[in-house]
Amino acid sequence: MDSRILEIFSCIKQCAITLQELLQCDDSGYLASTNASGDTQLAVDVRADRILEDALLKLACVGGVCSEEKSSALYKQKVDSSLVESTFLQLDSSQSLESSLLIAYDPLDGSSLFDSNLSVGSIFGIYNGAFSASALVAAAYIVYGPRLEVVLACERVEHCVYSGGQWRSKGALQLESKGKLNAPGGTQKHWSKEHKELVESLFAKGYRLRYSGGMVPDLHQILCKKGGLFSYPATSDAPNGKLRKLFEVFPFAFIYERAGGEAINGRERLLSLSCDGLHDSTPCFLGSTEEIAQVRAIYMNKER
Ligand code: AHM
Ligand code: MG
């Protein structure tokens, strides 16, 4: 594996320990501020964002970062790989470096679950030179649950658990062609007729509802149980879905494809989609191949 990606994975594992400690605090309060998507920020969202920004930008191989909590990307100047923070430039989001890895991350996904002590996560997409799906070369996520876990995807999808002060590999995660779990996101009264048909057809086939409201634990559960479907569709109140391409959807699409599954927007492969803005969102369906075939059958039939 590319040594730069190994270095980033190692940094993510180190940050996971720090962030897990941060989450032990009892501060589930909201701030007065909102992020670029208009979500009210928690104090822990902002603190997690800074911890990751500081750690990732210290790596010489990282040329820039952007996050769900930032309105624009932060790029290093091209001239020097040992930059200190004061020499970072904040540039327009359309600018990118040619030869450095860029990281898009969601520092604390599902943070609205934090006050009720449900699992939350962090998500990372590692992009080569530009924030676009075709430049995605690796992805990772952290799950803060009863255990601290990370999943790292490059050629394969490695599942690691923090135990006894050490990271241990639990081997590769691989999906079977069909599962039993159904995790349908979005407000039901805003679902389309096709989406209701899809969800009902899965339940009629015996699928079980497994939806926590946190995409990291929901998608992690499907991976660990080897199959199923996670969906966050277009809805009447959010025609482009809710989940953001760079920080959430593309990294998980990469992970699911590497694990033998598929990831589409209803018709097209998610990793073939363009991305015009840092905070663009898309409808998304991620799962094992049989469930994705059912999504295609229903959604593509709609267009005939
Ligand atoms: P966030 O990044 O603001 O936390 O929002 C993303 C989360 C996902 O983890 C989850 O799948 C989705 O929002 C849940 O949304 P909903 O409550 O509409 O089902
Ligand atoms: Mg998120």
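The values are calculated or read from the model by the stated rules, or taken from the named source; none is laboratory data. Every value quoted in this text rests on a predicted model; they were computed, and no experiment measured them. Using ideal geometry, Cβ is built from the backbone for each residue, glycine included, and neighbour counts are taken over all protein chains shown. What goes into the accessible areas is simple: the full protein's heavy atoms, side chains included, and nothing from ligands, DNA or RNA. Shrake-Rupley method; radii C 1.70, N 1.55, O 1.52, S 1.80 Å.
Here are some notes:
- Under 5 Å between amide hydrogens, built in the peptide plane, is the criterion, and for Gly64 it picks out Lys76, Ile103 among residues at least 5 positions away or on other chains.
- For the chain, convex hull of alpha carbons as volume per residue, Å³: 132
- Using a cutoff of 8 angstrom between alpha carbon atoms and counting only pairs six or more residues apart, the relative contact order for the chain works out to 15 percent.
- In the context of the full set of protein chains, residues of segment 163-270 present 44 Å² of accessible surface per residue (probe radius 1.4 Å, heavy atoms only).
- Electrostatic bookkeeping for Ala153 treats Lys and Arg as +1 and Asp and Glu as -1; over the other residues with beta carbon under 11 Å from its beta carbon, the sum is -1.
- Arg269 paired with Glu7, simple spin-label distance in nm, labels 7 Å along Cα-to-beta-carbon: 3.0
- In the chain, the DSSP-assigned H stretches of four residues or longer account for a calculated mean residue ellipticity at 222 nm of -8500 deg cm²/dmol, using -39500 (n - 2.57) per stretch and the full residue count as denominator.
- Equivalent-ellipsoid semi-axes of segment 233-304, from the Cα gyration tensor, Å, largest first: 18, 17, 9
- Computed FRET value (nearest 0.05) for Cys224 with Glu200, which takes r as the C-beta separation and R₀ as 25 Å: 0.45
- Fraction of accessible area attributable to carbon and sulfur, the chain (%, probe 1.4 Å): 46
- Across segment 181-303, the fraction of Cα-Cα pairs farther apart than 26 Å, rounded to a whole number, is 10%.
- Span-like helix ranges in the chain, DSSP H, alpha carbon extent 18 angstrom or more, Kyte mean at least -1.0: 3-22, 43-57, 289-302
- The modelled label-to-label distance for the pair Leu118/Val46, using points 7 Å beyond Cα in the direction of Cβ, is 2.5 nm.
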